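A.B. asks: Quick one: this structure, given as structure tokens, is what I'll be asking you about.
The values are calculated or read from the model by the stated rules, or taken from the named source; none is laboratory data. Nothing here was measured: the structure is a model prediction, and the numbers come from that model. Cβ sites come from the backbone with ideal geometry, for glycine too, and all protein chains shown count toward neighbours. Keep in mind that these areas ignore ligands, DNA and RNA; they rest on the heavy atoms of the full protein, side chains included. Shrake-Rupley method; radii C 1.70, N 1.55, O 1.52, S 1.80 Å.
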Amino acid sequence: MQNKLREYARLLVQVGMNIQKGQRMVISSPVECAYFARMCAEEAYAAGCKEVVMNWHDDAMARLKYLYADDEIFDSVPEWRSHFFNDYATDGAAYLAISASDPENFKGVDHKKLVRAQQASGKALKEFDRLQMCSGFPWCIASIPIPSWATMVFPEASEQEAMEQLWDAIFKAVRISGDGTAVEKWQEHLATLHTRMEKLNELNFKSLHYTNSLGTDLTVELPEGHIWEAGNDVTLSGQEYIANIPTEELFTSPLKTGVNGVVYSALPLSHDGTIIDKFYFVVKDGKIVEAHAEQGEEALKGAITVDEGASYFGEVALVPYDSPISNQKILFYNTLFDENAACHIAFGEAYPCLKGGQQMSKDELKERGLNDSITHVDFMVGTKDLSIVGTTHDGKEIPVFVDGNFAI
């Protein structure tokens, strides 16, 4: 276990963020994951990191805040917190987020408070968010188990057994075996993703048409000059990094006003401490005009009204149904894993997936048809029978997905 933990920490630091000598690293971590955060810090210092800075958070304290804190505090962000994120981002610090939380931590909380707090944060951390979306600094999101999450994933197991099972599932997903071969495995995986990415970029589709037996019938128009991206990315300064570990996706940005039809969720969504399940959107000219859910509808409607751009789409991502994460047949209740088990779409902010997009300003990206928002929420749409047909600019229709898997 210690060998696997050390190999995992080394993978995140050396490959996920590709930390450079003299570079700072910020770690955002739950207090329950302190032991692993310290291990990542040790690996960072061994790689020549200038300083490791911690940003701790705690589910229990967050829940108490939303239940009992003065109402006025949800409309502002302390100046020190704004400087913390924006200044380190401007400095080019590497950012590691350890994503582990109770999927139902905010059950029963007033969702209007969550929306207000997100709106305030979006304004205060605008520079951080801008730089993150355009690869202004290297960042990586990864996860390790905590008891409240593990017992949600494996409800029939004891807490200890659930933790062990979730560790096993995570290690499989991130290609950790404890024998020191993780970096080599990731290089091979990225090469496979890039081969498919190049094919998609060569085809240069005008639109994609999604259909499945759930009722999804959605046409997604892609902007002129769009590009598909996969796996690793490169910062504006030329530093390679992997934003998500694990990652199985190829993704691009849709034309903001070019999405039409109906799209159904394929898996539950854990968002802001609430489970949203069996939901669908009706979309017209890019805008979500109807949102319905059998569970968590209030939270869903709150999520798409954070700002004007929250009701439009910012990402379409392709993930084969037959993938290492999907084949585990586990519902993780954590978007980092669930989005890499199925094709997904995100409402909210668009990644600058255009030729030269990283160097474009917000206004330039909007002029090219990309969505702007302070939120970005992925939800899963991939199923075993998902069909995606791409239409080229000369009208040729090409199967991209057949029966849930790549056909190209």
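A.B. asks: Open to solvent by 30 Å² or more (accessible area, probe 1.4 Å) and out of contact with any helix residue (DSSP H, G or I) (no Cβ under 6 Å at 6 or more places or on another chain), is that true of Y8?
C.D. replies: No, not satisfied.
A.B. asks: Let me ask something additional. Among (1) surrounded by 20 or more Cβ atoms within 10 Å (Cβ to Cβ); (2) part of a helix (DSSP H, G or I), which single condition is D102 missing?
C.D. replies: (2)
A.B. asks: Still on this structure, I have one more. Just the residues that are in a helix (DSSP H, G or I) and open to solvent by less than 50 Å² (accessible area, probe 1.4 Å), please, taken from region 171-199.
C.D. replies: F171, A173, A182, W186, H189, L190, L193, M197
A.B. asks: Then there's this: Which strands (runs of 3 or more DSSP E) does region 216-265 wholly contain that include 2 or more residues that are under 27 Å from A182 (Cβ atoms)?
C.D. replies: In region 216-265, the matching strands (runs of 3 or more DSSP E) lie at 232-234, 240-242, 250-252.
A.B. asks: State the number of residues belonging to region 371-408 that are in a loop (DSSP other than H, G, I, E, B), under 30 Å from F128 (Cβ atoms) and in contact with an Asp or Glu (Cβ under 9 Å, 6 or more places away or on another chain).
C.D. replies: 5
A.B. asks: Then there's this: Scan (1) closer than 22 Å to T335 by Cα; (2) part of a helix (DSSP H, G or I); (3) modelled with pLDDT of 95 or more for the single condition N55 breaks and write down its number.
C.D. replies: Tallying (1) closer than 22 Å to T335 by Cα; (2) part of a helix (DSSP H, G or I); (3) modelled with pLDDT of 95 or more, N55 fails exactly one: (2).
A.B. asks: Only one residue in E202, E290 is part of a strand (DSSP E or B), surrounded by fewer than 18 Cβ atoms within 10 Å (Cβ to Cβ) and not aliphatic (A, V, I, L, M). Which one?
C.D. replies: E290
A.B. asks: Could you grab the pairs with beta carbons closer than 6 Å, sequence gap of 6+ or different chains, first residue in region 293-308 and open to solvent by 80 Å² or more (accessible area, probe 1.4 Å), second one in a helix (DSSP H, G or I)?
C.D. replies: Taking only residues 6 or more apart or on different chains, the pairs are E298/H111.
A.B. asks: Might you let me know whether region 73-89 holds any residue that is under 22 Å from D338 (Cα atoms), open to solvent by less than 90 Å² (accessible area, probe 1.4 Å) and part of a helix (DSSP H, G or I)?
C.D. replies: No, region 73-89 contains no residue that is under 22 Å from D338 (Cα atoms), open to solvent by less than 90 Å² (accessible area, probe 1.4 Å) and part of a helix (DSSP H, G or I).
A.B. asks: Any idea which of F332, F406, F379 is in contact with a Leu (Cβ under 9 Å, 6 or more places away or on another chain), of a type in the set (F, W, Y) and open to solvent by 10 Å² or more (accessible area, probe 1.4 Å)?
C.D. replies: Going through F332, F406, F379 in turn, just one is in contact with a Leu (Cβ under 9 Å, 6 or more places away or on another chain), of a type in the set (F, W, Y) and open to solvent by 10 Å² or more (accessible area, probe 1.4 Å): F406.
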